[in-house]
Every structure is written in structure tokens, then in C-alpha cells.
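The values are calculated or read from the model by the stated rules, or taken from the named source; none is laboratory data. Everything numeric here is computed off the predicted structure, so don't read it as measured data. FYI the Cβ positions are ideal-geometry reconstructions off the backbone, even for glycines, and counts take in every protein chain you see.
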Amino acid sequence: MRNKGKMLGALLAAVVVAGFAVSAAAGAHQADPGITKTSITVGGTFPLTGVASAYKTIPAAENAYFAYVNAHGGVNGRKIKFDVLDDAYNPAQTVPLTQQLVEQDKVFAILGSLGTAPGLSTWGYLNDHKVPQVFLATGDSYWGYCQKQVCLGSKHPYTIGWQPDYPAEGRMYGKYIAKNMPNAKIGILFQNDAFGKNYIAGLVQGLGGTSQICDKEGFAATDTTVTQQVLTLKGKGCDTFFIVATPGQAIAGLVTATKIGWSPATFLANVSNIRPFLLVAAQNGASLDGVISSSYLAQMDKTSLAGPKLGRSIIQQYAPALLSDWDLGDSNLEYGMAVASTFVSALKSAGKNLTRASLETALHNMNIKNNPFVYPGMTIKTSAKDGFPLEQLIMTKWSGGAGGEMQPLGKLQTVGH
Amino acid sequence: MTRPPLSALVAGAIAAAVIALLPFAISDYHQALFAQVAVFFIAILGLNILVGYSGQISIGHGAFMAIGGYTTAILSRDHHTNLVLTMLVAFVLCFVCGLLLGLPALRLSGVYLALATFALAVSVPQLPLKFDKFLGGSGGVQSAKTVSHTWLYGVSWLTAAILFVLGWLILRGRVGRAFRAVRDSEVAAVSSGIQLPIYKTLAFGISAAYAGVAGSLFVLGTNGFAQPNEFQVILSLQILVGAAVAGLGSLWGILVGAAFVGLLPTISKDVPVVGSAHGQDVVFGLLVVLVMLLLPQGFAGFLGAVKRFRTRPDTP
Amino acid sequence: MAARLLSGVARPVNGLLLAAAIFLLIGSLKSEIFAQQTVAGVAQGAVYGSLALALVLIYRATEVINFAQGELAMATTYIAYQLIQWGVSYWLAFFLTLAIAFVIGFGTQVLVIRPVMHKSVIAVVIVTVGLFVLIDGLVLWKWGGDLKFMPAPFGQTVYHWGGVAISRQDIGTILLSIVTVVLLWALFQFTKVGLGMRAAALRPAAARLVGVRVDWMLAIGWGLAALLGAVAGLMTEANQFILQPSLMQAVLLYAFAAAVLGGLESPAGAVVGGVLLGIFLNLIGQYVHFITAPLRLPFAFAVLLAVLLVKPSGLFGERRVRKV
């Protein structure tokens, strides 16, 4: 054992020396990792399996979009390669997989990785290594605020989110209810974690207080039934149903409400506003007419719009297996397109001499008005001070019964962050 | 088990030398990967002391890893405690928790103990969600400091070596003899004057303490981020599977068990079919079943069989 | 088994059950929401009971717990899904799946459990843990991890009785559980195979002497357990409206608690334990505010541990000299 201790000492010393040598060698290199004259390699972790695997079509769509861009010459002559790894929504897997992407596969940036906890588990590491963590697929506020201010011990300038954050969305519904339904008694069904609580915080802010909230019933992310909670909300006399859940429990909540003969006004967090899942709820007996949610994406069924038209043709050509999902209105696909397209725009404005630093500059100077996949009229905008790319939402309302869809409600709103 | 045979010492020395020299040959990334093997090594070692030596089963050691991991993350977050010191605290805290669990376990055995410990594995990761002010909820707990891959590799393996020697010392002495007596026959153990409650709870305490240290290192390996999803039931199952592959009741196969659990998912990625999505789960499960069917004593049993074969060349 | 089914319910427990029933009845008459929660709890608990019964069957036959029982149930539900995808009607797929499940359970016992059965409890437990991982991997390999959907077996009709809503789905789940239990009871009671299985479980050596093929009886026991699991899996899918690989993980845990609550040796206890647990969890969620969602599982297991420590044989188990 003593021998081993000595060896370890020698070893540590040797590693320090080796480390100097490596960093000296690194200084001689010109391009950042993952960049060659003809290619850009980026990577991301997604739950391809497990509880959150409903979102696995996002990276599929992103890859389809990159294939389309590559077929049209790439970005400044470089083709984009996107490595997608499965972390099953488990941070203990996100960390080694992200290290693999950075150290083994030498990616230029981490793109679109999904989930708050997986994001938090890797942002320290990525910022330490100055690897851009771009467009995290989660609506937490960390990603926008913490570029300039200290969060959990340090600043995270290399991290940026994409979609409008949860509190902003909750606040929008709160304001809507306070204005249009002043007598509503809101019963909240929420995932009992940071995601659910952020939403509620926004809702309370928008309402201007908690007096309209008649009850809150939480469920654990691993729960698969929410029957008891929905029964309790009905039993307490609530007449407005506010669902903060991912698709599995959102379906269960919608169906259960109808089955127990409760017909409240219903609000649905937009993470679950995904048409194929809502159709399943309808098939199982949920009545969806009048359900209110929101969106930041172009209406997929409006084929007259440029985005949905282009998106469908890209899926048809590069990911034909997903075409039926697209036609059903799986908005995760369009989400993936929108994110990928934003990324391509940022790469373009980062210029021919692409580096991590130039990408960061581009990411904080976005002013994109022509992303075809977001809701018409939206601007994707950031500045040195503002790290939230999307800050607008359109409210939507379901009509057309069991085969219907979400229709815009009112006008595009700026919701801030 | 009075004195290890020469062949075992030589094999151990070779393994130690390879582990000590490995960082020179591999990349930074692979150091982190092999550090995970050390984490599993410690956890499997601890579980083996409980299951293999004292004959009590646990399907819940992931719970102790969670306690150890959260201890490290929280102490670092709130008090900027030295990380090595947090490992010591995790060791002591989990030792106490293990003793506490060992008490009700005195009344349980076999499948009942399996169920109770399984319950523990399921329940503990839910607690941070309930007590989220202190335990961070689903947002997890981030330590104030993180460590480099080389630090992680060095400290993990050094800890593993220390705990291995400690375990070996415990098991070769009076305590170890008592454990084995309890395992082989409780009635005989009692009649030869062994205090059953003391030794059975002690085994739980020691093995939980090992799991706690493994948990600390596990969390340091996830950039110091402790979060409930990291400690799902599957983690407990992995440790148990690793212990079975290593061979219960022997210390000499643990490295193989740890490598099996720690490396298989990663290295199988590049193998066709197996490397396709979930092929590795299939192989993992299949191997466990096969090992139990064909090599019920695990890798250590295989080594023993080879040795017997060599020392008695006249028997086929 | 018939005698055990009835006599297993010892007198003090009868009193306890009666008290529970009266409590539930009064509560239901006093409060609509109480009644509603109870009804939903019964439907939920019937599923826990079915899977708990599967665990008990195996425990009585081989004195082990099959940790892969839930994953097996999930896998068989995927088989039903596949059959339906191929155009088979729901109910034909349902019964085909039960048959397939029986074969899988039977084969599992013969191929992987029998060889390790006599070694140690720990060895068998580890094999079932290996099966857990293996089955999970196979399902993910074949069908992937995304959400799948199956037709609703009982339609969407909902009945309303005095403010309490009961869906056909709930009624169907409860009836199906009752029918399975009764059929199983009849099998044990009135058939030669059933007699052989009882003998093999209770006195294997004696049974062997009178010509019972104990090994085959144990395998049939595993087959029946897998079949019960398939029923539980299919009903869980119907209650949750979605099929995913994690389908049975929470249900299995509740089934463990239910089986221990009722007594690992008692089939009737498993079913009653499941129903009681289903009701109990719903009422707790409704009335006890400290026990929020994350505490549900820990709470179920506090119950499990308490039962193990206070009355290890469960509510319905007979007192045994043997230490658990």
C-alpha cells in the first residue's frame, strides 16, 4: 500500500507536468475544437428513453434540419454534425456523456440538451471549459439570468436557453384570469418540483395574489395516475383547472376531470400543448373544447405559412419515419426545427472565422425576425444585457372537439421574463 | 483468511500497479470513467461485507450512496467544507444510518429484508423533493467546489485501496469470523457465544459507511451535483449485480465486478448490436442471469475453481 | 386453498375489516368526495391486488419474491400492444397475451429459477433482479421508450350515482380482478393441478412421495403469476391511458406493500391488502396535507416496514413459529 501511495505521488507530479505540456500544445492550435474548414461538430444529451422520452423527436427534427442545411451548402462552407446521446433524464448520466462529448468527441458546443436537472449538472463544467451550452430545452429562468449574475456559486456566461421561461408563461395566464375571469376559483394540478413551482410563482404574480387559488395538488414526476388529486380539486369546489404537467400526467388529468363529471375552464402549461397527446386524451374521453394553452411556434396545420411548409418537406426528405408525427401535429418536431434554425442563424452571424468566442458574441446579439418556425411576427432577440431569446407568446384555445386543434386566442403578447 | 496466498498478493500488486500507472496511458475523459469503477468498487466491497460475509441481503444500498452524496454536496454548499473531510463525515453518518437500519433488520431475513431495503432505496430519493429547502428539491444541490478528473481518479482509487485494506483487516479478525459464523448458522453462532444483534447491526453499519463514501465520490464525479434522479432504484440493483458478478463472500473478484458495472455500458457502445440503443441493458441482464446460473460464486468462484484445478491436476 | 382463503382471515382481522368497512361506509354517506375517493381507490387497489396476488403465488410456491414481476407484466402489456398493432381486436389480444404470459412465466421458472432455486434466497433474488434489467432492456430494444397508446377496453361511459362518478373502466377493472381471483380459487380448489400445486407448495417432500411432479407444479405457479401480472399490466395501461416502459414500476412497489400488508402467505390478504392500500392512499392524499406527492411512496413503505416489524405475517397470515 505504501508503495502505491508513493506511486500516486509520483503520478500526480507527472500529471501536473503533462498538464503543462498539453496546455502549451493547445495554445499553438488555431481553431477551437469541433471546427474544421468543412465541418462543425456539436453534441447534445436528450432523454431518448425513460420518463421524459416523449421529447425524443426534438433532436430527430434538429438533425433533419441540419441535414437540410448541409445539403444546401452548410454554414459558411461547413457542414454541421450533431451527436445525440441518451441520458434518460438522469444527471448521473448527463455528466459523463457531456464529458464524452467535450473531451472525447471534441464537440464545438453543446446544443439543445433537455431538462433542468441535466442542465444544472453540467453547466458548471461547461462554463469552466468555456464550452458554449446553447439553447437548453427547458423553460427555467437560470439560463437567462445567470450569464451576468452569480447563480449557485458562479456566473455562467456560456449558457443560454431558448424558449420563454415558465414564470413568464404562468404570469400571462394569471393576468388573463384576473382580467377575464375575476370570479374563477383556480385548482392547480402541478408537478411537485422546481418546474411546477416556478409556474405557480408566475401565476400568482399575474393574478396579483393567491386569493383566487382554491387549491393546489401536487404529484411526483414518477406518478402515473393523478386521480386522487383531480378528485380533491373538484371536491374543494374549484371551477378552473390549471394543469402544470408533462404530457403523461397532463393526459391523465384531462381525462380524469371529464370522467368524474367535472367541467372546469382548463388551462394547460404549453410543455404539454402537443397535439398528438391531446388527441389521445380526447380518444380516452376528455373533452378538450375550450382548453387554453399557449405557443410560440407557427401553427403546423397552416400549410400556407412558410415554416410549416418547409418543415414538412424537410421531415419528408430527411426523416420520413416521422412524417406521420408531423402530420398529427407533434410540435416537438417544429420546436426542434426552430431551435436548429436559430442555431444556424447564430453560426452565420458568428462569421467565417468561427470560434467559441465569436459564437458567444453572436448569441448575445441576436435579432432574428425571419425564423419561419416560430409564430409569425415573433422576434428572437438578445443583447449583452438580455439572455432570453424568446419573450413572446400567443395564447391558444382548443376547438373542434375530439379531432380539433388549438387556435390562436388574441394577439401575440410580449411576456418578458 | 488468516493470510492471503502469495498468488493473491501478486495479483493484487499487479492490479494496484496497473491502476496507479493507468492515468499516464489514458485521456482525461477516461480517468473520470475509470474513477467511476473505483466508486463501484467501494460500494460493492461494502455490500459484499454485508451480503457475502454476514449473510444479510440489501437491495437498497443506493439509498446510503444518496445519503453520502448529499452529505458531501450540502457540506460543501453550506460550509465550504474540504471535500475529503466531507467523505469522512459521509462515512460516519452512513455508519450510524446503517446501524439504525440494522436494528429493524434484526427481525427480518431473506426476502423480507430484501423488501424492506428495496423500500428504502425507493423512498430516500423522494425525500429531497419533500424537504426541498434544505435538500434542494428537483433542482439538486451543487457543491461549492468541483474536482478535476485526475483528482477524482487519484482520490477514488486511493480511498478504494484504503477501504479494501480496512475491509480485509476487519474480515480476517475476530469480527470477520463472527460475521461468517452468523452467516453460516445463526444457531451455531449464538451457541458459541456470539452476540447476534451486535454483529448483524455492525455489518450493516460498516457496509452502509462504505456505500456512503462511494456516494460522496459518485457525486464528486457528477461535478458535485446531487439530484434525486441520480439515485434511482437501478443504482442499488447495479451494486447488487456487481457484487454477484464479483462473487459473494470473497474479496478477490471485486475489481472485476466493479469494472463490469462501471464500464460495460460505456465500452459496449461501439460494439454492433450490443451498442445499439438498449442492447447493453439486454447484455447486462443476460450476463447477470448467466453468471448466477453458471458461476454462482461469481468471478472469485471462477478463480477458486481454476486454482483447485491447478493444484489437483489428477482430477479432470 | 379454499379453506385457507377463508380461514386465513382470522377472527380479529374480520373485526378489523368490518370496522374499516363501516368507517368507509359512514364516510361515504357523509361526504361525496370521500365516497368518490374510496371508489377510485378500490379500482386502483384492485390492480395493486392483482399484482400482489402474483407475488404471493410465487412466494407460496418457492418462498422467494420475484422482483421482475412488474417488468414481466409490463413486457406482456407490450405484447398485447403489438398484437393490436397487427390488427387483432383488443379482447382477443387480451386473452392471447394471458396465454403468452403463462408460457413466459412457466419458461422463466424452468430455465433460470429452477437451477438456482435450491442454492440460496439471495441467489434467486439476484437472478430476478437480473431479469428485471434484462426485460427492461428487451422492451426498450424492441419498442423504444416513447409513449404508446392502446384502445380503451371498456369504452368511455361514466355512470353517476348520487354525485359519485364511476367509469365503466373502473367497474371493468374491479370485476376483472374479482373474476381472476375466483377463477384462480376454483383452479386450486376443484382441479387436480390445483390440488397438486397446493401439495407441492405446502409439503413438497410428501407431495413427491404421492406422485406429484413438484417441479412442474412450481413452474405452473410461475406461469399463473405471470398471467395475473399481465392482467394487472393491461388494467394499469387502461387506467393510465399510456403505455411506457416504466408502466409497472410504481405499481410493483405498491403491490409489495399490499402483499406484505395482507401477508405474503395469504392470497386473500394480497387482494384485500391491495384494495385497502388503494383506498388508504387516496384518502391520505385528500385529507392529510403533510403527506404530499413525494411522500406517498415513502409512506407506503413506512406501512410496509411497520407491518413487517409488528406483525410480520401480515393482517391475514397465520402465526408461524418460523422467523421471517
Odd one out for A:GLY235, checked against (1) of a type outside the set (Phe, Trp, Tyr); (2) more than 28 Å from C:GLY233 (Cβ to Cβ); (3) surrounded by 24 or more Cβ atoms within 10 Å (Cβ to Cβ); (4) facing chain C (nearest Cβ under 9 Å): (3)
Subset of region C:228-249 (residues that are assigned to a helix (DSSP H, G or I), in contact with a Gly (Cβ under 9 Å, 6 or more places away or on another chain), under 19 Å from C:ALA68 (Cβ atoms) and not hydrophobic (A, V, I, L, M, F, W, C)): C:GLY229, C:GLY233, C:GLN249
From C:LEU131, C:LEU140, residue being more than 19 Å from C:ALA46 (Cα to Cα), within 14 Å of chain B (Cβ to nearest Cβ), surrounded by 15 or more Cβ atoms within 10 Å (Cβ to Cβ) and modelled with pLDDT of 90 or more: C:LEU131
Residues of region A:67-112 classified as away from every other protein chain (no Cβ under 14 Å) and buried (at least 24 other Cβ atoms within 10 Å of the Cβ), total: 4
Filtered residues of region B:231-248 (kept if facing another protein chain (nearest Cβ under 9 Å) and of a type in the set (A, V, I, L, M)): B:VAL233, B:ILE234, B:LEU235, B:LEU237, B:LEU240, B:VAL241, B:ALA243, B:ALA244, B:LEU248
Hits in region A:116-136 (condition: in contact (Cβ under 8 Å) with a residue 60 or more places away in the chain and more than 9 Å from chain B (Cβ to nearest Cβ)): A:LYS130, A:VAL131, A:PRO132, A:VAL134, A:PHE135
Cβ pairs under 7 Å, 6+ apart, first in region C:74-100 and within 19 Å of C:LEU247 (Cα to Cα), second of a type in the set (Lys, Arg) and surrounded by 16 or more Cβ atoms within 10 Å (Cβ to Cβ): C:TYR81/C:LYS148
Residue check, B:PHE179 within 22 Å of A:ASP86 (Cβ to Cβ) and away from chain A (no Cβ under 14 Å): no
Residue among C:LEU283, C:LEU308 that alone is part of a helix (DSSP H, G or I) and at the interface with another protein chain (Cβ under 7 Å from one of its Cβ atoms): C:LEU308
Every residue from region A:146-175 that is touching a strand residue (DSSP E or B) at 6+ places or on another chain (Cβ under 7 Å) and among the hydroxyl-bearing types (Ser, Thr, Tyr): A:TYR158, A:THR159, A:TYR173
Residues (touching an Asp or Glu at 6+ places or on another chain (Cβ under 6 Å) and buried (at least 24 other Cβ atoms within 10 Å of the Cβ)) located in region A:165-192: A:GLY187, A:LEU189
Complete set of residues in region B:16-34 that are assigned to a helix (DSSP H, G or I) and either of a type in the set (S, T, N, Q) or more than 10 Å from chain A (Cβ to nearest Cβ) (or both): B:VAL18, B:ALA25, B:GLN31, B:PHE34
Members of region B:224-242 that are surrounded by fewer than 24 Cβ atoms within 10 Å (Cβ to Cβ) and outside any helix (DSSP H, G or I): B:GLN232
Matching helices (runs of 4 or more DSSP H) fully within region C:98-193 where at least 2 residues are of a type outside the set (Val, Ile, Thr) and in contact with a Gly (Cβ under 6 Å, 6 or more places away or on another chain): C:121-143, C:168-190
Identity of the residue in region A:287-305, touching a Leu at 6+ places or on another chain (Cβ under 9 Å) and not hydrophobic (A, V, I, L, M, F, W, C), that ends up nearest to A:VAL374 (Cα to Cα): A:TYR296
Among residues of region B:79-129, those that are more than 30 Å from B:THR146 (Cβ to Cβ) and β-branched (Val, Ile, Thr), counted: 2
Contacts under 6 angstrom Cβ, first residue in region A:88-105 being over 20 Å from B:GLY139 (Cβ atoms), partner part of a helix (DSSP H, G or I), 6 or more apart: A:GLN99/B:TYR29; A:GLN99/B:ALA32; A:GLU103/B:ASP28; A:GLU103/B:TYR29; A:GLN104/B:TYR29
In region C:207-227, the residues that are among the basic types (Lys, Arg) and part of a helix (DSSP H, G or I): C:ARG208
Hey, B:ALA105 in contact with a His (Cβ under 7 Å, 6 or more places away or on another chain) and hydrophobic (A, V, I, L, M, F, W, C) or not: no
Check on B:GLY102, under 20 Å from B:PRO128 (Cα atoms) and either in contact with a helix residue (DSSP H, G or I) (Cβ under 6 Å, 6 or more places away or on another chain) or at pLDDT 95 or above (or both): no
Residue identified as crowded, with 24+ Cβ neighbours inside 10 Å and of a type outside the set (D, E, K, R) among C:LEU111, C:LEU96, C:LEU53: C:LEU53
Criterion (buried (at least 22 other Cβ atoms within 10 Å of the Cβ), within 14 Å of chain C (Cβ to nearest Cβ) and either over 20 Å from A:ALA61 (Cα atoms) or out of contact with any Phe, Trp or Tyr (no Cβ under 7 Å at 6 or more places or on another chain) (or both)) met by exactly one of A:SER324, A:SER272: A:SER272
Conditions (1) crowded, with 16+ Cβ neighbours inside 10 Å; (2) away from chain B (no Cβ under 14 Å); number of the one not met by C:TYR78: (2)
Single match in B:PHE204, B:PHE218, B:PHE179 (criterion: touching a residue at least 12 places away in the same chain (Cβ under 8 Å), over 16 Å from the mean Cα position of the chain (by Cα), surrounded by 22 or more Cβ atoms within 10 Å (Cβ to Cβ) and assigned to a helix (DSSP H, G or I)): B:PHE179
Conditions (1) in contact with a helix residue (DSSP H, G or I) (Cβ under 6 Å, 6 or more places away or on another chain); (2) of a type outside the set (Gly, Ala, Ser); (3) farther than 20 Å from A:MET395 by Cα; number of the one not met by A:TYR166: (3)
